[in-house]
Amino acid sequence: MSTTIVKIKEIEEEMARTQKNKATEGHLGMLKAKLAKLKRELFEPAPGAGGGKGEGFDVSKTGDCRIGLVGFPSVGKSTLLNKLTGTFSEVASYEFTTLTCIPGVIRFNGAKIQLLDLPGIIEGAKDGKGRGRQVISTARTSDVILIVLDSLKPITHKQLIEKELDGFGIRLNKEPPKLDFRRKEKGGVSMSTMVPGVTLTLETCQTICKEYKIHNADVMVKDANVTEDDLIDVIEGNRIYIPAIYVCNKIDAITLEELDVLDKLPNYCPISAHLEWNLDGLLDQAWEKLALVRIYTKPKGLMPDYGEPVILKKDRRTVEDFCNRIHRSLLKDFKYALVWGSSAKHKPQRVGKEHVLEDEDVVQIVKKV
C-alpha cells in the first residue's frame with residue numbers, strides 16, 4: 001500500500017474520531033484540506049511516473065454529447081448499451097466482462113449521443129484499486145452519468161459509487177459553490193458574506209488557506225449553505241459538476257412494494273435492460289439532463305430542414321454559437337439572421353449574432369452582399 005493511501009486512511013480515521021462542533025471546525029477544515037491535497041497527489045502522478053489511462057479508455061469524443069455508464073460489475077451496463085445502441089459489448093453473468101471502454105451511439109431527438117460502457121467499478125476505486133483511475137477519469141469527460149444499479153441492492157451500491165466518484169472530484173447533481181475566492185498581494189485572509197446565516201467562519205477559511213500556503217485572499221460567500229468542503233473545492237479548482245441518473249436495472253426481479261421504495265430515490269429511473277422495460281423513459285430523462293437545444297436551419301426560399309437539427313448546449317446557444325457549429329467561416333460574411341420560434345418577438349425577427357436561441361427555433365442566415 002502506497003504512503004499516500006496510508007496517509008489518506010489515517011486522516012479519514014482522525015476525522016471520524018473528531019466530534020464536529022464550533023471548537024473543532026477549524027481543525028476539521030484543515031484535515032479536509034490535507035485530504036484533498038493527498039487525493040490530488042494520488043490521481044495526478046508526477047510526470048514519468050506512469051499511471052496512464054490504459055488501453056481502451058482514450059476514446060475520442062464524437063457526436064453532440066457523451067453519456068457514461070458507471071456501476072459495479074454485473075449490473076447490466078453492457079446489456080443496456082447493446083439495447084440502446086446496437087453496439088456489441090460482451091455480456092455475461094460473471095463479473096468484469098468489460099475490461100475496456102466500449103463506445104456506442106444513440107440517435108435521439110435529432111442528436112447524436114455517444115454512450116460509453118465503462119468497466120465495472122469496484123469499492124476503493126478512488127484509492128487506485130482495480131482500474132478505478134481509468135474508469136473515473138473517463139467518467140469525468142461525460143455530459144451526463146448513468147449510474148446503473150442492481151435493484152436488489154440499490155441503496156448500498158448508490159452510496160458506495162457516490163463516495164468513489166466524489167473522492168475523484170466528481171460532484172453529482174450539484175451546482176458549483178456560490179463562493180468567490182480571489183488571491184491578493186497583501187492584507188491576510190478576509191471573508192465577507194452576501195446573505196445572512198452563513199455557517200462557514202473566518203477562522204475556518206484562514207485555517208484552510210494556511211494549509212494551502214495561501215496567506216492573502218478574499219473569500220466572498222453568496223449562499224448560507226456554503227461549507228468548508230465548498231471552499232476546498234474552489235481552491236482545488238479541478239472539481240467537475242455532472243448531472244446523473246440512478247438507473248435501477250433488473251426491476252423484473254423485485255416486488256411492486258420494493259419498486260415503490262425505490263421510487264422515492266431522487267433522479268431515479270427504473271428499467272429492465274434485458275426485457276427492454278422503460279428504455280424510452282430513460283432516454284427522455286437523459287435528454288432533460290443533457291439540456292440540449294435543437295435549432296433548425298432554413299435556406300432562403302426553402303422550407304426548414306427538420307430532419308437534421310443543429311444541436312447546441314443551453315449555456316452556448318447564441319446565433320454566433322449556431323454559426324460556429326455549422327462552420328466558423330460563416331461569421332465572416334454574417335449580416336443578420338432571421339429567427340422563427342419562441343425566442344423571437346415576431347415571426348420572423350431580424351437579430352444579430354448575440355441573440356439567444358430557444359429549443360426548436362428556426363434560423364436563416366443572411367450574408368453580406
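The values are calculated or read from the model by the stated rules, or taken from the named source; none is laboratory data. The structure displayed is predicted, hence computed values, not measured ones. Please note: Cβ atoms are built from the backbone with ideal geometry, for glycine as well, and neighbour counts cover all protein chains shown.
Here are some notes:
- For the range 260-280, filtered to residues that are in contact (Cβ under 8 Å) with a residue 40 or more places away in the chain and in contact with a Pro (Cβ under 9 Å, 6 or more places away or on another chain), the residue that is surrounded by the most Cβ atoms within 10 Å (Cβ to Cβ) is LEU262.
- All positions within the range 206-227 that are outside any loop (DSSP other than H, G, I, E, B) and over 17 Å from PRO196 (Cα atoms): GLN206, THR207, ILE208, CYS209, LYS210, GLU211, ALA217, ASP218
The rows are residues; the columns are (1) modelled with pLDDT of 95 or more; (2) surrounded by 14 or more Cβ atoms within 10 Å (Cβ to Cβ); (3) under 26 Å from the mean Cα position of the chain (by Cα).
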| position | (1), (2), (3) |
| --- | --- |
| ASP180 | yes, no, yes |
| GLU185 | yes, no, no |
| VAL189 | yes, yes, no |
| CYS205 | yes, yes, no |
| LYS213 | yes, no, no |
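- Some residue of the range 148-157 being assigned to a loop (DSSP other than H, G, I, E, B), without any contact (Cβ under 8 Å) to a residue 12 or more places away in the chain and among the charged types (D, E, K, R): yes
- Residue check for ASP252: assigned to a helix (DSSP H, G or I), out of contact with any helix residue (DSSP H, G or I) (no Cβ under 7 Å at 6 or more places or on another chain) and in the same structural domain as MET15 (by TED's automatic domain parsing): no
Listed here are the residues, each with its yes/no results for (1) polar (S, T, N, Q); (2) at pLDDT 90 or above.
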{"position": "THR24", "(1), (2)": "yes, yes"}
{"position": "HIS27", "(1), (2)": "no, yes"}
{"position": "LEU31", "(1), (2)": "no, yes"}
{"position": "GLU90", "(1), (2)": "no, no"}
{"position": "ASN109", "(1), (2)": "yes, yes"}
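- Single residue of the range 326-350 satisfying the filter (within 33 Å of the chain's Cα centre (by Cα) and aliphatic (A, V, I, L, M)) that is nearest to LEU292 (Cα to Cα): ILE326
- Matching residues in the range 192-203 - criterion: being outside any strand (DSSP E or B), surrounded by 14 or more Cβ atoms within 10 Å (Cβ to Cβ) and of a type in the set (Ser, Thr, Tyr): THR201
- A count restricted to the range 346-360 and to residues that are within 21 Å of GLU308 (Cα to Cα) and either free of Cβ contacts under 8 Å to residues at least 60 places away in the same chain or among the aromatic types (Phe, Trp, Tyr) (or both) stands at 2.
- Taking the criterion of being over 26 Å from the mean Cα position of the chain (by Cα), surrounded by fewer than 17 Cβ atoms within 10 Å (Cβ to Cβ), free of Cβ contacts under 8 Å to residues at least 60 places away in the same chain and not in a loop (DSSP other than H, G, I, E, B), the residues of the range 281-325 that qualify are ASP305, TYR306.
- Conditions (1) surrounded by fewer than 16 Cβ atoms within 10 Å (Cβ to Cβ); (2) free of Cβ contacts under 8 Å to residues at least 24 places away in the same chain; (3) over 19 Å from ASP143 (Cβ atoms); number of the one not met by SER343: (1)
- Subset of the range 150-178 that is surrounded by 14 or more Cβ atoms within 10 Å (Cβ to Cβ) and at pLDDT 95 or above - its residue that is nearest to SER78 (Cα to Cα): LEU172
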